[in-house]
Every structure is written in C-alpha cells, then in structure tokens.
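Report on the structure given below.
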Amino acid sequence: MNINKYMISGLLAISMLVGTTSCSSDFLDEELTTKYSTQYFESAEGLEALAVSLYGNIRWHFGYEWAYGVTLYGTDEFTNGNDLTSECWNTYDNRFGPVACTPATGAANKNCPAPGALWDQLYYGIASCNTIIANAEKISDEKVRNRCLAHAYFLRGYNYYRLTAQYGRPVLQITPASGVVRSFTQATEEEAWAQVISDLREAYNLFEGEVFTYGKGITWTKATAAHFLAKALLFRASERCDAFNSATKESDLREAIAACDYVIKSRSLEANYSDLYANFTGVDCAIEESNEILMAAGFNDASATKGRYGNRTYNYFCPQFSNFSGAWVRRGVWIGDMDFQRCRPTEYTYAVYDHVNDARLWKTFKTVYGVNNVADASKGVAAGDPGIVMILNTKDDHTYDNYTFGCYSQNPTFTDDAGRLPEWKVDARQTSTKGELTSKKGQWIPNSLVLYQNGKYVAPTFKSQPICNFFCGINKTADGTRTAEKGDAQRDVTMARVGETYLVRAECYARLGDYAAAKKDIDVIRARAQWKNGENRSYYTDGSQAFANNSLNTGTAATNYTNSNLWMNTYYLSNPDQPVTTAASNLTNWTWENLPAEDEAILKKLGITGQKERAINFILNERTRELIGEWQRWETLSRTKTLVARAKAFNPEAATNIQDRHIYRPIPQTFIDGLKNEDGSDLSEEQKKAWQNPGY
C-alpha cells in the first residue's frame, strides 16, 4: 500500500481514547467512541490504517518543550539559557519531582514539561500496537499481516525502550485493556528490558528488509528495528543494569553487533556531514530521503495532515539575538530559527571538538548573523555587514586577551573607561566569494563574543541577567520554509541514523575488549568529519536557505533574508594561527593510549582511568561531536551511569543539585494517585511509595 508519508496522524486518536495523567490515570483505558468500531480494526484495511497511524505517535516528541526537556537538559552538553521555561529539568532543584512544576510551585510559566507527559504519550502508541497484535491473526493476507505486526512490535518496543530508559520500572501492558483499569503490576527493570528486546527482535524478524512502503526517509524498515534492537541490548549490557545483567552481558553485546552489522551493510552514510542537516532546502527535499536516516518524525506543509503536534524544535537552540543585538539583527522567518534560547551549549560542548580539523563544529554551529536593521547610522555599518560574530577559540589561545567583547544595548555588558559601546577590529581572512567574514578590516561589529580570554572561559559573561542569552546555537532544526514567524516547522526530525549505529557497534566492541574493531568503526565516523580536499573552511549553511523557495521571499522579507544569512563562519578568527587552506584534514591519527588532546583534557577533568573507562568516555565524547542536539543525551548518560559525574563537571547549573537518583525520572504522581488495589480500595501511602523511584 503506497501512501503519502504524512498521512499518519488521524487514526491514532481513533484507535483509542485514553486519559492522560494531567486529567486522569486511565492511560490504558480503551473505549472507542468514534465512528470507527472495533470491528474495523479486524479487517486488513483497518489494521493497516492503524499501523500507518503509528507514525503519528512519534510526532508528539517534537511538538513542545518536552522535546529538549526530557532528552537534553541536565546533561554535559546543554544547560538553560536566560529563558527558564523548563529550568528545573536542567537544575534538578526542589521543583523537579513526581508533581508537575507550575507557576504556583515556582515554574517560570505554564509550559514546563510535566513528568507524566512522556509517560502518557508513549502508552497511547502502545495501546494501538496492542490492538494490532491482538487482531493480526484475523487477517488472511500474510504480507499485510506481517507488515502490520512488524510496525506494531517495533513501536511497542521503541515506546517501552523510552519508558524504561526514562522511568526504569514501567507497567508492561501487552494486551488490549478492557474498560476502565485501575490496578496494575509494576515491572522490574529487568523484566522491562526483556520485553523491549523481545518486541524489537520480533519486529526485526518480521520486516521485509529495506522496503520503503510508506516513503523513503520515513518508513521503518528492518534496519530501523535492528538499530534499536542493538541500542536496547547495549543498554541492558551497560552500567545502569549491572545489578541483573551479568548472565546476558556478553551475549547481548554480540547480538547487538550482529544487528549493527545488518544496518551498516544495508544502509550507507552521507559523504558530507552537511547533507544530514545543513543542506535542508525545502519541504520534502533530498536530504529527507537520505539512506542514512533510519527513523524520522515526518512533517510537511500539508494542512490536512498536520495533526495536533507540529514541529517546534526550531525554537530551542538559537540565542536570543533579537534581545541582545540592540535591534541590529531582528528575528523573522528569514532567520530560520526562533531565538527562544532554551539550550545553551556548555564549555564542554565547544571544547570537545578539534577546532582546526573537525568540520562538524563549523558545519553545525552558527557563528555569524548579518545586520538586517541599521539601528545607528553613525556607526558606519550597513545592512548585510556582520551584526553578531562569535569566535570559538580555545583555552590556550591568547589572541583576544585584550579585546573588548559584548552585546550592543543601552547598558552594554562591557565598556571601556569612556563608556563607549564594545568595539572590535576584525581580522578578515578572505578565502572565496562565499565564506569571507568581512572585506572591511577594522570594521565595528555591534555584537561580538569570544570563548576564552587569558585562559578563562568567559563566554557566559556576555549576557542578560540572570543567565546567558548570548551563545552559539546549532543549526540542525533551522527551517526557512515556515510561513509564519511562530508557525510550525515543515522539515522532518531525524530520530535515528547510521552514524549512530557505527558508534553503538564501536561501544559494543570496546566493552568486549576488541579495541581495534572499535577504533575502526569510530574512524569511519571521524573520517567523514574531516575537512575534504577543496572545502572552504569559512563557508557555512543551514536550513534557513529554504527561504529562497518560500512564497514569502519577496520585498522586505527577501532583503532581510539576504542581509541576515551571510553563509560564513568564524573558522579563521577562531583559529588565528591557521593559514588559509582548502587542504584535507585528518582526525584518525590517534590511539587508545594517546587520545586526541581535547579528549585527554576532558578525561583528566573527570578523573577517568583504565582502558575500558577511557574507551567508553571517548565514545561518549564522539557521540557529542556526531550527535549533538539529536534528542538522546540524557538517556545515553543515564545508561552508562555517567550522568552525575559529567553534569557536575560540565554543567554549572545542574552541578549543585544532581544526585544519583536522577538517573531515573520520577513516576508521575498523578498516575500513582489514581491507582487502586484489585478489590477497589485506594493504595496506602506505603504502597504509593513502593511505586515511586527511590529518592523522589
């Protein structure tokens, strides 16, 4: 059955009307009250329609603040910016617990993610999967039956993967619920991982291979199931599960390697890292059909299939330039992102890269914005000149020790004795017509930032109180196709890709002691990250280029688009001793005994010793370089039980409060409070406490 890849949102709601923990505890109730009866899902047509609707369940992950709150906050990679919407998810303070944080209990606004948000939505999808699995035997068409079962087992396995990774001890409901249910059995973490792995094995065996039934880039295939099967097996073999995994650890790692083998043999990497995210040129463009993509949440511009949850991820990584720029850089659809300043990179995130040789840094971080509004004609700055410039230098660079940096405002952060606004002489390095920082050496820049001065990390000091709103954002969500400043993005969100598969297999090899095989896989990823011969190291692009094909690209909007996006970075300003070059670089000249300098510095700060521990932490660093901002860091650090140590070392806002209990999320209190005993009586306080994760 060939369908449009976005016809996926309607039947999910039709399949079950379940309560949410914000309203009730009936997250597994299934009372069908729409025009479709249960008999519809006993037909081949109905069952496949329900299977297609499963794709709608994953769109939810990117529809609101929970996208980053439950996946990126409170880790080593990102801390909160000046916007404090989800702050407690990053700081782990006394507002973070089983009860939703609201303005009444100290939240900055009403948008802070509730602990039950993820819990609810994952069970919605599980309920549909249970219906498909229960009805599949009634379908005589074997091909349709197996396709539906493959989808159902995959999403149920994926959703239980997320539940177990986040909460540890979910409810394993694997048959359709009947009526209102209040009494459940809580699984152990060991039982939960066994169910996840069982479901993903079933999906892996049932998928037809790399058959893109519902559209390339969106359809789940055998490789999708294999990737997540490998991740689940690796999770069970990792430190968080050490209490029960001793008997299965080696076999899990070897099975995970075999699953990765299938993915890597059947799919391929993009040759250029930019083609994963930066070269988004418009709705349904070529990069959304990349053979590297294993799973994506699909979005486009079709209003009929928009559904309840749109793609809001473009809001979360950009600094608040419209606030600190002094009106020199105004926001709008031509920018590509909204400057909601949620996710601010930590010092670790900048420092983990080789700033000279790793192209991923410069293909991911946006360091230059152009002036699209001349706020003060006396400064001699014209539209299209650099308006915000961020220098990503390293700790040992002293070029800018005596320069003055800061934000243009009525009360600038930094001034000289005469009270003048910050000025900065630009060391221009022209490499081609694209990527030239400026042709005006000595030009005044309204807003400028540097990472280090006098060996001290000073980037957070260029700020608006109480936290920093001037930082370098990443470009993986930028979307110039939006038709309103705050409208939904129309690009897909990648949830899994082959680049990660290599790193999963590398970690499995390292845990088995095969460090040569692990290095080989890591070097496949690092070789792609190298500068290629002929590449212009000053050139930058992102998804805002899609505005060139946007119907709004006329008049003032077109002018502002041209002036705002200068397609350049600060590579040469950030590496002032580097000669202008288009030669290839090398990232594979390392050994396990002598890791790259940036990694040795990080491991030293963490106090990491021992070959296995060094290898795992090096791979965690490589995951940052490869997968920064791809919605999985918290679970990775929880799995390896490195969350607390890394957050304490690299996330100042999280360091004070984070404790060992935070490797698990709190079970939603609204769910626990709605539970009943089998005889209908309420749970005692002791019984409720037993349901909750320790320490909450």
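The values are calculated or read from the model by the stated rules, or taken from the named source; none is laboratory data. The structure presented is a predicted model; accordingly, all values stated were derived computationally and were not measured. Glycine gets a Cβ as well: all are built from the backbone with ideal geometry, and neighbour counts include every protein chain shown. Calculation scope for accessible area: heavy atoms of the full protein, side chains included, ligands and nucleic acids excluded. Shrake-Rupley method; radii C 1.70, N 1.55, O 1.52, S 1.80 Å.
Descriptive notes on the structure:
- Sites matching GluC sites (Glu not before Pro) across the range 588-696 that sit in DSSP coil, with at most 11 neighbouring C-beta atoms within 10 Å: E593, E678
- Scalar couplings 3J(HN,Hα) for the range 627-635, obtained by applying the Karplus form with A = 6.51, B = -1.76, C = 1.60 to θ = phi - 60°, are 10, 3, x, 9, 6, 8, 5, 4, 5 Hz; x denotes Gly and Pro.
- ³J(HN,Hα), Karplus 6.51/-1.76/1.60, whole Hz, each residue of the range 572-586, x for Gly, Pro: 6, 5, 7, 10, x, 8, 7, x, 5, 8, 10, 6, 5, 10, 9
- For the range 40-118, trypsin sites (Lys or Arg not before Pro) meeting the loop criterion (DSSP other than H, G, I, E, B) and having at most 13 other Cβ atoms within 10 Å: K110.
- Looking at the range 464-555, the GluC sites (Glu not before Pro) that sit in a DSSP loop and have at most 13 other Cβ atoms within 10 Å of their own Cβ are E485.
- Think of the chain as having a plus end and a minus end, set by charges on the Cβ of Lys, Arg, Asp and Glu; of A302, T562, G487, T562 sits farthest toward the positive end of this dipole.
- Between helix 597-606 and the chain: long-axis angle, C-alpha atoms, 0 to 90°, nearest 10: 60
- Under 5 Å from the amide H of Y452 lie the amide H atoms of N393, V458, each residue being 5 or more positions distant or on a separate chain, with H modelled from the backbone and absent for Pro and chain starts.
- Gyration tensor verdict on the range 645-696 (Cα atoms; rounded if a/c is under 1.5, prolate if a/b is larger than b/c, oblate otherwise): prolate
- Overall form of the range 499-547 per C-alpha gyration tensor (a/c, 1.5; a/b vs b/c): oblate
- Amide H within-cut-off set for A496, under 5 Å, with H built and near neighbours excluded: L294, M295
- Rg ratio (alpha-carbon, reference 2.2 N^0.38 Å) - the chain: 0.95
- Net charge contributed by nearby residues that have their C-beta within less than 11 Å of R497 (K/R +1, D/E -1): -4
- Under-5 Å amide H pairs with N311, H placed in peptide plane, nonlocal only: A489
- Taking Cα centre as origin and charging only the Cβ of basic (Lys, Arg, +1) and acidic (Asp, Glu, -1) residues, the dipole magnitude of the chain rounds to 860 debye.
- Vicinal HN-Hα couplings computed from phi for the range 43-53 (Karplus, 6.51 cos²θ - 1.76 cosθ + 1.60; Hz; Gly/Pro x): 9, 4, 5, x, 5, 6, 4, 5, 5, 4, 5
- Nitroxide proxy distance, nm - points 7 Å out along Cα→Cβ at D396 and V580: 2.7
- Accessible area per residue, Å², the chain with all protein chains present, probe 1.4 Å: 35
- Three-way shape label, the range 182-324, alpha-carbon gyration tensor, a/c 1.5: prolate
- Over every Cα atom in the range 122-185, the radius of gyration and the widest Cα-Cα span, Dmax, amount to 12.9, 38 Å.
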